[in-house]
Amino acid sequence: MLMVVFYHLFMLDFAYVPGEFYVPNFNKVVQMLCTASVPMFFMVNGALTKGKKLTLKKLLNKVGRLIGVAFFWTIVLKCLVLNAMQGKGLHVTFWDFFNYYWFLYSLAIIYVLNYLVQFVPKWCTHLLVAALFAVTFLNNFMWDIILLVKPEQHFPKWGLTGFFTMYGFVYARLGAYLSNRRLSKTACVLLMVAGVALNVFKTIVMTQHTGHLYEGVSYSCPTIGAMLLSCGIFGLLRDVKRTMPCSSLIELVGTNSMGVYIFHLVFVFFIRVYCVKGLLHMENLPILVVFMLALLVTVTCAYISHLITHSRCKVLLKL
């Protein structure tokens, strides 16, 4: 969740000049860590739901709650933020807010798939995972190689979407698989380094292809690089214990990640538009400052969520 907030605060201009060969700077490499944020949500969900049978009643209840939360808070955010953003000259529509909660809709579809695969042989599930892996992860990697050799080659953009974000089903299954297996810390670090390197490579290739700086985070989720990076971080975080320093802070954010996901946009908008651009008249901030702001926003939103879930208004996060 911290990575998501950090990324949304950190959508900065990296001084790309058209016609020059793009070499990622330190900020861009650090930003590549954020490609593991959404995949890890899917992986954790897969780990927590492994082996649990879904009845039709439970499925409808789960999907209904996810869609209910998404619709309700879309309307709330529209009332709080949309007019202010349009007043600042930003081209934002109601549908942008609707798409903001795309993760919840994707998660709902994954629950439907989890319900359906209960009634088919295991080989059918494996075949589905293999097919989704091929049309998303392998397809993207194949085109990275092609565009490296022929930057002018036409590229089918549908591959970047991860086949309507159904790459999440692959991550969920991967999380379930890794939940009972331990990776050594050395292996985790090597996976992380390889993952960042592959996603930086993708950013370089796509930048040369498009002629402008490629936004290499949200479109890098359905990639082998993001998968390796996510597996490395997933493996390291399994060693987090309650006796470790800051474990209570980690637990606060971890148990209130839904609230952070829902609320952080308002804080991100206020900081980026009113504070950074409005008061400071700046476009960029030092990476350390952005990280500290992201940490502050994440903890603040987690605490707000904690207060709501322990009040009579808890239904607002569990519709």
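The values are calculated or read from the model by the stated rules, or taken from the named source; none is laboratory data. As the structure is a computational prediction, the values presented were derived from the model and not from experiment. Because the Cβ atoms are built from the backbone with ideal geometry, glycine has one as well, and the counts that use them run over all protein chains shown.
Can you run down the residue pairs with Cβ atoms below 8 Å, 6 or more apart or on separate chains, where the first is in the range 122-141 and assigned to a helix (DSSP H, G or I) and the partner is surrounded by 17 or more Cβ atoms within 10 Å (Cβ to Cβ) and among the small types (Gly, Ala, Ser)?
Val135/Gly159; Thr136/Gly159; Thr136/Gly162; Asn139/Gly159; Asn140/Gly159
If you go through the range 288-319, how many residues are surrounded by 15 or more Cβ atoms within 10 Å (Cβ to Cβ), within 25 Å of Leu33 (Cβ to Cβ) and aliphatic (A, V, I, L, M)?
Adding up the residues that qualify gives 7.
I need the full set of residues from the range 178-188 which are assigned to a helix (DSSP H, G or I) and surrounded by 15 or more Cβ atoms within 10 Å (Cβ to Cβ), in order please.
Correct list: Leu178, Cys188.
Mind telling me which of the residues Leu104, Leu33, Leu60 ends up being more than 30 Å from Val276 (Cβ to Cβ), at pLDDT 85 or above and not polar (S, T, N, Q)? First the steps, then the outcome.
On the way: Leu104 fails: more than 30 Å from Val276 (Cβ to Cβ); Leu33 fails: more than 30 Å from Val276 (Cβ to Cβ).
Just one listed residue meets the conditions, Leu60.
In the set Gly175, Gly168, Gly225, which member is in contact (Cβ under 8 Å) with a residue 12 or more places away in the chain, closer than 17 Å to Val29 by Cα and buried (at least 22 other Cβ atoms within 10 Å of the Cβ)? So that I can check it myself, show each step before the final result.
Details: Gly175 fails: closer than 17 Å to Val29 by Cα; Gly168 fails: closer than 17 Å to Val29 by Cα.
Residue meeting the stated conditions: Gly225.
Being out of contact with any helix residue (DSSP H, G or I) (no Cβ under 8 Å at 6 or more places or on another chain) and β-branched (Val, Ile, Thr) narrows it down to one residue among Val276, Val290, Val260, Val266; which is it?
Val276
Is it fair to say Gln118 is in contact with a helix residue (DSSP H, G or I) (Cβ under 7 Å, 6 or more places away or on another chain), loosely packed, with under 15 Cβ neighbours inside 10 Å and either more than 21 Å from Leu228 (Cα to Cα) or small (Gly, Ala, Ser) (or both)?
In short, no.
Can you report the number of residues in the range 266-319 which are within 24 Å of Val69 (Cα to Cα) and either hydroxyl-bearing (Ser, Thr, Tyr) or not in a helix (DSSP H, G or I) (or both)?
11
Show the residue pairs meeting these rules: Cβ distance below 7 Å; 6+ apart or different chains; first residue within the range 191-206 and over 17 Å from Ile146 (Cβ atoms); second residue of a type outside the set (Ser, Thr, Tyr) and not in a helix (DSSP H, G or I).
Once the first residue is over 17 Å from Ile146 (Cβ atoms) and sits in the range 191-206, its partners that are of a type outside the set (Ser, Thr, Tyr) and not in a helix (DSSP H, G or I) give Asn199/Gly216; Val200/Pro24.
Which of the numbered conditions does Glu251 fail, given that it passes all the others? Conditions: (1) within 16 Å of His8 (Cβ to Cβ); (2) in a helix (DSSP H, G or I); (3) modelled with pLDDT under 90.
Evaluating Glu251 over (1) within 16 Å of His8 (Cβ to Cβ); (2) in a helix (DSSP H, G or I); (3) modelled with pLDDT under 90 leaves (1) as the failure.
Do we find that Phe141 is surrounded by 14 or more Cβ atoms within 10 Å (Cβ to Cβ), of a type in the set (A, V, I, L, M, F, W, C) and modelled with pLDDT under 90 in this structure?
Here the answer is no, as Phe141 does not meet what is asked.
Is it fair to say Leu280 is at negative phi and surrounded by 14 or more Cβ atoms within 10 Å (Cβ to Cβ)?
Numbers: at negative phi: yes; surrounded by 14 or more Cβ atoms within 10 Å (Cβ to Cβ): no.
No, not satisfied.
Counting only residues that are buried (at least 19 other Cβ atoms within 10 Å of the Cβ) and β-branched (Val, Ile, Thr), which one in the range 256-267 is nearest to Ile304 (Cα to Cα)?
Top of the filtered list is Val260.
Table: residues versus (1) modelled with pLDDT of 90 or more; (2) buried (at least 18 other Cβ atoms within 10 Å of the Cβ); (3) of a type in the set (Asp, Glu).
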site	(1), (2), (3)
Met192	yes, yes, no
Leu198	yes, yes, no
Thr210	no, no, no
Gly232	yes, yes, no
Phe269	no, yes, no
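Which one of the conditions (1) in a helix (DSSP H, G or I); (2) at pLDDT below 85 does Gly259 fail to meet, given that it meets all the rest?
(2)
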